[in-house]
1. Mind counting the residues in the range 182-227 that are over 15 Å from the mean Cα position of the chain (by Cα), surrounded by fewer than 21 Cβ atoms within 10 Å (Cβ to Cβ) and closer than 19 Å to residue 50 by Cβ?
2. Helices (runs of 4 or more DSSP H) wholly in the range 35-102 with at least 3 residues that are of a type in the set (Gly, Ala, Ser) - which ones?
3. Using the structure shown, decide if residue 53 is in contact with a Phe, Trp or Tyr (Cβ under 9 Å, 6 or more places away or on another chain), open to solvent by less than 50 Å² (accessible area, probe 1.4 Å) and of a type outside the set (Ser, Thr, Tyr).
4. Hey, does the range 23-30 have a residue that's surrounded by fewer than 18 Cβ atoms within 10 Å (Cβ to Cβ) and either of a type in the set (S, T, N, Q) or touching a strand residue (DSSP E or B) at 6+ places or on another chain (Cβ under 7 Å) (or both)?
5. I'd like the residue in the range 70-115 that is surrounded by 22 or more Cβ atoms within 10 Å (Cβ to Cβ) and of a type in the set (S, T, N, Q) and, out of all such residues, is modelled with the lowest pLDDT.
6. Please name all residue pairs, on different chains or six or more residues apart, with Cβ atoms under 9 Å, provided the first residue is in the range 8-32 and is charged (D, E, K, R) and the second residue is surrounded by fewer than 19 Cβ atoms within 10 Å (Cβ to Cβ) and assigned to a loop (DSSP other than H, G, I, E, B).
7. Checking residue 19 against (1) open to solvent by 40 Å² or more (accessible area, probe 1.4 Å); (2) modelled with pLDDT under 85; (3) closer than 27 Å to residue 213 by Cα; (4) not hydrophobic (A, V, I, L, M, F, W, C), which single condition isn't satisfied?
8. If I ask for residues that are part of a helix (DSSP H, G or I) and either on the phi > 0 side of the Ramachandran plot or hydrophobic (A, V, I, L, M, F, W, C) (or both), which ones from the range 169-189 would you list?
Amino acid sequence: MSIYIFLPIITAICWGIAQVLGKKSVQTLSVNNFNTVREFIAVIFSVTLMLTLSNLRFLTCSNTPYLIAAALISIVGTNLTLTFLYRAMKYGSVSVVVVALCSSPIFVFIYSYLFFDEGITYSLTVGIILILVAIVLVSFSKKTSIDEYRRSIVVPVVYATAAGACQSVMIVGNKILLKHLSYYDLYAVVSVVAFVGFLLLSRRKILLIFSKKQRHGTFYALLSGVA
């Protein structure tokens, strides 16, 4: 049995752990500060990988359009996705938010049909319907207060669905760009642009991550980035 069979499972476990840690982090850190710390870890990893495997050979004039496209995709696919996702985490439970985030394949399904001429199959249609049913089911709550229901369910689901839409742009965009850039070069560009974007959004407030009051949130953000 190939070891590659277990890679998606390991990825799913790490991703799930990252979301739980992210939820704990944004309870004390602002969303922008959390994402800045998280992307800082991503930059360290991706740039190290890129320098090890490509040594900046992709920085050529011929690749300029693809690098610009990668930066734009990073803004939409990473900055907006993570901003929406962890705003949802801040208000809602992890289980509800993660299920709503699964709206991403719906948008990918639409983009794939429009831009890649991928056919609409019975199994794909059933899968999309099941995703929509899951989102509707987690949106139900036994809470009696309308305000509480809106704050803890409706708002997080809307934010998470918006995150799914932005994430789908990144998935489709990366599929196109990987024809011209290696995955580690693309990962490095996307990570650096995302980190700079969050850093600019945080501005001087980023210094709060070193305060005694927010150090636990910073610690969880670092662990989330590692996961």
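1. The total comes to 4.
2. Those helices (runs of 4 or more DSSP H) span 64-74.
3. Spelling it out, it is not the case that residue 53 is in contact with a Phe, Trp or Tyr (Cβ under 9 Å, 6 or more places away or on another chain), open to solvent by less than 50 Å² (accessible area, probe 1.4 Å) and of a type outside the set (Ser, Thr, Tyr).
4. Checked the range 23-30: at least one residue is surrounded by fewer than 18 Cβ atoms within 10 Å (Cβ to Cβ) and either of a type in the set (S, T, N, Q) or touching a strand residue (DSSP E or B) at 6+ places or on another chain (Cβ under 7 Å) (or both).
5. 103
6. 23/93
7. That leaves (1) as the condition not met.
8. Passing the criteria: 169, 170, 171, 172, 176, 177, 186, 188, 189.
The values are calculated or read from the model by the stated rules, or taken from the named source; none is laboratory data. The structure presented is a predicted model; accordingly, all values stated were derived computationally and were not measured. Please note: Cβ atoms are built from the backbone with ideal geometry, for glycine as well, and neighbour counts cover all protein chains shown. Surface accessibility is based on the protein's heavy atoms, side chains included, excluding ligands, DNA and RNA. Shrake-Rupley method; radii C 1.70, N 1.55, O 1.52, S 1.80 Å.
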